[in-house]
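Below is one structure, written out as structure tokens, with a few remarks after it.
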Amino acid sequence: SLLIFPAPIRYVAITILTLGDGCAHIFGMKFGRTPLPFNKGKNLEGTLFGFLFAFLGAMIFVDPLRALIAAAVGMLVEALPLPINDNLTMPLASGIILTLIS
């Protein structure tokens, strides 16, 4: 993502990965009670907290609407049971959607 996207898109993509994925894991382990219907290994509480922190972090670099969309896409990709590691797919998906809506 650092090599693919221009600033500030690269900053948003990395912020969504670090804050969104990290907080989803921490809050999901501590407060998670509701498994996601499409991925039993993840939970709703972790995903929502991850989205919140990804959104707040992204707003440092872009306007609230773009931050909202990028965080939603990033956390959706994080929640999906994909065969590819989400550390790769989250920033790519967030960066692509930001590029498309910019």
task: Can you tell me the FRET efficiency between L65 and N85 if r is taken as the Cβ-Cβ distance and R0 is 30 Å, rounded to the nearest 0.05?
output: 0.55
query: Roughly what would the spin-label model give for F38 and L76, points 7 Å off Cα along C-beta, in nm?
result: 0.8 nm
query: Å³ per residue of the Cα convex hull, for region 8-102?
result: 79 Å³
- request: State to the nearest 20 debye the size of the charge dipole of the chain about its Cα centre, where the only charges are +1 on K and R beta carbons and -1 on D and E beta carbons.
  value: 140 debye
query: In deg cm²/dmol and to the nearest 500, what is the mean residue ellipticity at 222 nm of the chain if only DSSP H runs of at least 4 residues count, each as -39500 (n - 2.57), divided by the residue total?
result: -20000 deg cm²/dmol
message: Relative contact order for region 9-101: what percent, with Cα pairs under 8 Å and sequence separation of 6 or more?
response: 35 percent
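Laboratory data are not the source of any read-out in this text; all were calculated from the coordinates shown. Keep in mind that this is a model prediction, so the values were computed, not measured. Glycine also receives a Cβ, built like all others from the backbone with ideal geometry; neighbour counts cover every protein chain displayed.
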